[in-house]
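As structure tokens, the structure follows; a few thoughts come after it.
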Amino acid sequence: MRVVYIFLFCCFVGACLGALSASVMNVPLAPYFGAVFGGCVGALLSLIALWKRDNKHVFTILVISFILSFPVAMVAGKTDNPLIAIVLTSGCAISTFLILMHRNANSNDFVNVKAVYLVALFCLAVGGIYVYKKRTPQDPRTLIELMGSNDMETSLEAANKLRAYGKKEPFLIALRHNDNKVRAVAAHFLGLLGDKSVQPNLIEAARDHDPHVRMWAAFSLGRIGDAEALPILSSLKEDDVEIVRIQAQRAIDGLRGRIGQ
């Protein structure tokens with residue numbers, strides 16, 4: 001009878017984990033298919049539990065293993081990749097089960113086994129990396145377009161991804177984009193790159209018809225500019241838009257403090 005209980009428990013919880021993981025995937029009827037596949041995976045994993053069925057703590061360890069796997073299933077599901085979801089979720093459950101079996105074969109002190117929490121955190125981190133890569137594409141052209149998103153988080157995420165390349169060329173291309181939001185983000189991040197060779201491009205951007213582009217161009221010139229940037233910054237102090245005037249003054253103060261004028 002103990003064998004039957006272990007088998008049914010693993011199948012049931014596997015189905016729950018599969019349905020949970022699939023529920024966040026952008027796939028029609030995903031929870032139903034997830035429950036079926038999860039149940040099948042649970043049935044296979046039950047063989048490991050049945051191997052240790054004589055241990056008096058086997059059910060307690062199974063419960064802990066599946067509880068720690070629930071957040072992993074949620075994050076892994078957001079990757080929209082069933083294989084990744086299965087590997088991470090089942091990997092977390094199996095690893096937790098085996099660790100607890102090895103460390104606490106003759107005791108019930110499961111809470112203080114730190115290794116199981118590290119396993120869960122590792123699986124969560126791996127899943128999070130896949131989700132991040134899925135949300136933010138790798139292609140520079142796509143990232144440039146995403147910089148113009150009305151969602152600030154998406155826009156900055158795309159720019160940071162582009163910044164990771166460590167090159168100015170994509171941002172210089174973005175600085176000539178027909179979308180003013182793309183140009184503004186590009187002007188901002190060119191200053192964050194710290195490449196002083198882009199000063200002429202930022203001086204040109206400081207004459208842009210969009211005030212946000214002018215503001216961020218002033219910001220970046222204040223960070224990486226030299227004395228040649230002072231004339232355009234001085235002219236921006238008389239800009240019609242207040243945020244541009246304020247940023248221009250800050251840039252001038254920062255630049256003069258840096259170059260000693």
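Out of the residues in the stretch 1-46 meeting the condition of being surrounded by fewer than 17 Cβ atoms within 10 Å (Cβ to Cβ), at pLDDT below 80 and not charged (D, E, K, R), tell me which one is farthest from Thr96 (Cα to Cα).
Step by step, filter the stretch 1-46, then rank; the result is Pro28.
Would you be able to say whether some residue in the stretch 227-238 is modelled with pLDDT under 90, within 15 Å of Leu202 (Cβ to Cβ), assigned by TED's automatic domain parsing to the domain that holds Ile203 and within 33 Å of the chain's Cα centre (by Cα)?
No, the stretch 227-238 has no match at all.
Take Leu98 and tell me if it is surrounded by fewer than 19 Cβ atoms within 10 Å (Cβ to Cβ), assigned to a helix (DSSP H, G or I) and at pLDDT 85 or above.
No, not satisfied.
The values are calculated or read from the model by the stated rules, or taken from the named source; none is laboratory data. Treat the numbers as computed from the prediction; the structure is a model and nothing was measured. Neighbour counts run over all protein chains shown; Cβ positions are idealised from the backbone, glycine included.
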